[in-house]
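Worksheet: the structure to be examined is printed underneath.
FYI, it's all coordinate maths here, none of it is from the lab. Here the structure is a predicted model, which is why all the values come from computation and not from measurement. Here Cβ is always computed from backbone atoms with ideal geometry, including for glycine, and neighbour counts include all displayed protein chains.
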Amino acid sequence: MELTETPLEIQHLSFRYSKGDHADVFSDVSFSIGQGEIFTLIGPNGTGKSTLIRCIGGLLTAHSGEILIEGEAISRMETARTARIIGYVPQTHLPTFPFPVREVVVMGRTPHMGMFSSPSDADMRIAEDAMDTVGLSHLEDRPCTEISGGEWQLVLIARAMTQEPRILLLDEPTSHLDLGNQMKILHTIKRLSGKGLAILLATHFPDHAFLISGRVGVMKDGGIPLLGSPEEVITEETMRSVYGVNVRISTLTGDGGRRICVPLLSSDRSGQ
C-alpha cells in the first residue's frame with residue numbers, strides 16, 4: 001500500500017471501560033499525525049494517555065468516534081493487518097520467561113510470517129539491525145530475565161522496530177532509562193521519523209517535546225484542550241495549570257536556541 005500523508009487520524013474518540021459507566025475516561029478527542037511527524041502527548045497520571053494509545057493500537061475498543069489508519073477505519077481492519085502497520089511499545093511489561101534477547105526482538109516479525117513459519121535469515125538480519133540501532137547487540141544471547149529494567153525497555157523498542165511498522169506508538173518509552181539511554185532512544189525516534197514513520201509518544205518529560213517533537217497535545221479533564229507546537233503549548237502557565245507546579249521556560253544560548261523546561265521547588269518565582 002502506498003503511504004499516505006496522514007497515516008493516523010483520530011476523529012471524536014471517546015472511551016469508557018464498560019457500558020454501565022456514566023463517565024468517559026476521555027471524550028471527543030481529535031487529532032492527526034502526518035507521515036514522518038512526531039506527536040508528543042503529555043499530561044498528569046490518570047488522564048488517559050495510556051488508554052488512548054491502547055485504543056489506537058487496537059488493544060481497547062473506543063466507545064464512540066473513529067480511528068483511521070492510512071484512511072481506513074481500524075474497526076474494519078483485520079488484527080494481523082493492523083499489526084503490520086502499527087508498532088506498540090507499552091509503558092510497563094516485565095519479562096516472565098528467560099528467552100534470549102535476540103528471540104524476543106525477532107518476535108516483532110510475527111505479523112509478517114505464516115502461522116507455522118520460523119524466522120528466516122532475512123528476519124534475523126532485521127532483528128539484528130534493530131538491536132544494533134538501540135545498542136543491544138552485546139546482550140543478544142542474554143536471558144531477558146537477567147537484564148535491567150532500562151535494557152528491557154530497549155528490547156521492547158527493538159522488537160517494535162523489527163516489526164517494520166509505519167506508525168509507532170510509544171507509551172513513556174524513556175521512563176526507566178538513565179540519561180544516556182534516554183538520549184539514545186530520542187535519537188532513534190527522531191531517526192525513525194526521518195524515515196517516514198508517524199510517531200505518537202507519551203511522556204512526562206516536556207523537554208523531550210522541545211528536543212524532537214513537531215506538535216504537542218496536553219491531555220487534561222477528559223480531552224486534549226491544548227494542541228500545537230511545543231513552543232505554543234509548553235509554557236510556564238500551561239505547566240502550572242496542568243501539573244500544579246511552577247516551572248521556568250528558558251532558551252539556551254547554544255543548541256540552536258532550544259527551549260528547556262526547569263521545575264522550581266519554590267512556589268514563588270520572584271526570587272529566581
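Rank ARG76, ARG259, ARG191 by mean-square fluctuation in a GNM of the chain with C-alpha springs under 10 angstrom and give only the top-ranked residue. Fluctuation is largest for ARG76.
What does the convex hull of the Cα atoms of the stretch 123-208 come to per residue, in Å³, rounded to a whole number?
Working: hull volume 8.0 nm³, N = 86.
About 93 Å³ per residue, rounded to a whole number.
Normalised by 2.2 N^0.38 Å, where N is the number of residues, the C-alpha radius of gyration of the chain stands at 1.04. Comparing GLY34, GLY222, GLY71 in a Gaussian network model of the chain, where Cα atoms under 10 Å apart are tied by springs, the biggest mean-square fluctuation is seen for GLY71. Over the C-alpha trace of the stretch 208-255, radius of gyration and Dmax come out as 11.4, 38 angstrom. What is the local net charge at GLU146, summed over the other residues whose Cβ is closer than 15 Å to its Cβ (Lys, Arg +1; Asp, Glu -1)? For residues surrounding GLU146, the net value is -2. Note on the stretch 141-272: Rg/Rh from C-alpha atoms, Kirkwood Rh, equals 1.01. Summed over qualifying helices (DSSP H, 4 residues or more, each -39500 (n - 2.57)) and divided by its residue number, the chain shows a 222 nm mean residue ellipticity of -8500 deg cm²/dmol. Among ILE260, ILE86, ILE56, the largest mean-square fluctuation in a Gaussian network model of the chain, built with springs joining Cα atoms closer than 10 Å, belongs to ILE260. Using only Cα atoms, what Kirkwood radius does the stretch 1-123 have, in angstroms? Result for the stretch 1-123, one decimal place: 16.6 Å.
Of the DSSP H helices in the chain, those with a Cα length along their own long axis of 15 Å or more and a mean Kyte-Doolittle hydropathy reaching -1.0 comprise 121-133, 149-162, 179-194.
How high is the relative contact order of the chain? Use alpha-carbon pairs under 8 Å, at least six apart in sequence, and give a whole percent.
On the way: 504 pairs, mean separation 62.7, N = 272.
Relative contact order here is 23 percent.
Summing +1 for each Lys or Arg and -1 for each Asp or Glu among the other residues whose beta-carbon sits under 13 angstrom from that of SER193 gives +4.
A simple packing score, the average count of other Cβ atoms within 10 Å per residue, orders the peptides 60-66, 125-131 as 125-131, 60-66, with the highest score first.
Using the alpha carbon gyration tensor of the stretch 156-202, what are the three equivalent-ellipsoid semi-axes (square root of 5 times each eigenvalue), largest first, in whole Å?
Working: eigenvalues 60, 24, 19 Å².
Equivalent ellipsoid of the stretch 156-202: 17, 11, 10 Å, largest first.
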